[in-house]
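A.B. asks: My questions all concern the structure below.
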Amino acid sequence: MSIAERLDEVRCRIGEAAVRSGRTADAVRLVAVSKTMPSSAVAEAYAAGQRDFGENRLQELLDKKPLLPPDCRWHLIGPLQRNKVRKALNAGLQIIHAVDKVEVAAAISRIALEVSSVPVQMLLEVNVDGEASKHGFSAAELKRLWEEIVQFPMLDIQGLMCIPSPVEKAEYARPAFAALRALAEDLRQSGPLPLPVLSMGMSSDFEVAIEEGATHVRVGSLIFGSRCYSFAT
């Protein structure tokens, strides 16, 4: 199958899952995860109407961005180190998905005051499974730090993001997605942010994530095929 055909299939599945969740397909944004893929593959997806692309590594994003049309919307979905915040804020990103520490949020706020005229759109990554090896705030930690984080200037905190542990069946990921949705609801009640975005679900489980309220799904291999670790622009 071509990239265009795979995109059509994924979009169809997104629409069906959205209906099951009581929403329409346009309530869910597809982020095509192009990490390790050459810019030619991204260009094929663009030609098929895709505009939102996700990269794990900032440098790979920066390498591809000049080679593709300017109306591509770039999502940084991997962890952002504090020493790369300035470069990220100068990259013209749509949104940063994986702010996983209060120190990173503070660095984004501080540098955004220097380099940006508008608040930085971002999501806070939550370690929904509590695994020590995973990035992200625990639910308890984020609740404890919430009042501090929302006071940082120049942060447009749109919502939450998670990457659950791998599971044998997509259905097994449902509790993690439900936990992220519940945490967002708790934080909304705490105020003052509406937190409209839940970035959760990947190629193996995005339909279950949509059923649990995902607004952004990050799908790579179903669109682009197996990862190309000899990436070249």
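The values are calculated or read from the model by the stated rules, or taken from the named source; none is laboratory data. Small disclaimer: the values here were computed from a predicted structure and weren't measured. Here the Cβ positions follow ideal geometry from the backbone for every residue, glycine too, while neighbour counts run over all protein chains shown.
A.B. asks: Confirm whether ALA179 is hydrophobic (A, V, I, L, M, F, W, C), surrounded by fewer than 14 Cβ atoms within 10 Å (Cβ to Cβ) and not in a strand (DSSP E or B). Give the derivation first.
C.D. replies: On the way: hydrophobic (A, V, I, L, M, F, W, C): yes; surrounded by fewer than 14 Cβ atoms within 10 Å (Cβ to Cβ): no; not in a strand (DSSP E or B): yes.
In short, no.
A.B. asks: Still on this structure, I have one more. If you take the residues in the range 123-172 that are exposed (fewer than 14 other Cβ atoms within 10 Å of the Cβ) and within 22 Å of ILE210 (Cβ to Cβ), which one is nearest to the chain's Cα centre (by Cα)?
C.D. replies: PRO166
A.B. asks: Return the pairs, sorted by first residue and then second, in which the second residue is in a loop (DSSP other than H, G, I, E, B), the first residue lies in the range 186-205 and is exposed (fewer than 13 other Cβ atoms within 10 Å of the Cβ), the beta carbons are less than 8 Å apart, and the residues are 6+ apart or on different chains.
C.D. replies: What qualifies is PRO192/VAL150; PRO196/THR215.
A.B. asks: Go through the range 1-11 and give me each residue that's in a helix (DSSP H, G or I), exposed (fewer than 14 other Cβ atoms within 10 Å of the Cβ) and touching a helix residue (DSSP H, G or I) at 6+ places or on another chain (Cβ under 9 Å).
C.D. replies: GLU9, the sole residue that qualifies.
A.B. asks: Checking the condition surrounded by fewer than 19 Cβ atoms within 10 Å (Cβ to Cβ), touching a helix residue (DSSP H, G or I) at 6+ places or on another chain (Cβ under 8 Å), of a type outside the set (Ser, Thr, Tyr) and under 27 Å from LYS143 (Cα atoms), which residue from GLU16, GLU103 passes? Lay out the reasoning, then the answer.
C.D. replies: Values: GLU16 fails: under 27 Å from LYS143 (Cα atoms).
Selected residue: GLU103, the only one of GLU16, GLU103 that is surrounded by fewer than 19 Cβ atoms within 10 Å (Cβ to Cβ), touching a helix residue (DSSP H, G or I) at 6+ places or on another chain (Cβ under 8 Å), of a type outside the set (Ser, Thr, Tyr) and under 27 Å from LYS143 (Cα atoms).
A.B. asks: Further, regarding this structure: Restricting the search to the range 163-202, which residues are touching an Asp or Glu at 6+ places or on another chain (Cβ under 7 Å) and under 20 Å from PRO79 (Cα atoms)? Walk me through it before giving the result.
C.D. replies: Going through the range 163-202, the residues touching an Asp or Glu at 6+ places or on another chain (Cβ under 7 Å) turn out to be 164-165, 170, 173-174, 176-178, 181.
Listed by number, the residues that qualify are PRO164, SER165, ALA176, PHE177.
A.B. asks: Pick from the range 21-75 the residues that are in a strand (DSSP E or B) and either among the β-branched types (Val, Ile, Thr) or modelled with pLDDT under 95 (or both): which of them is farthest from the chain's Cα centre (by Cα)?
C.D. replies: Looking only at the range 21-75, we keep the residues that are in a strand (DSSP E or B), and these are 29-33, 52-55, 73-75.
From the residues that got through so far, the ones that are either among the β-branched types (Val, Ile, Thr) or modelled with pLDDT under 95 (or both) too are 31, 33.
Values: VAL31: 8, VAL33: 9 Å.
Within the range 21-75, the match that is farthest from the chain's Cα centre (by Cα) is VAL33.
A.B. asks: Where the second residue is exposed (fewer than 13 other Cβ atoms within 10 Å of the Cβ) and not aromatic (Phe, Trp, Tyr) and the first is closer than 16 Å to VAL208 by Cβ and lies in the range 4-20, which pairs have Cβ atoms under 8 Å and are six or more apart or on separate chains?
C.D. replies: GLY15/THR24; ALA18/THR24
A.B. asks: Only one of (1) among the aliphatic types (A, V, I, L, M); (2) modelled with pLDDT of 95 or more; (3) within 23 Å of PHE137 (Cα to Cα) is not met by ILE223, so which one is it?
C.D. replies: Of (1) among the aliphatic types (A, V, I, L, M); (2) modelled with pLDDT of 95 or more; (3) within 23 Å of PHE137 (Cα to Cα), only one is false for ILE223: (3).
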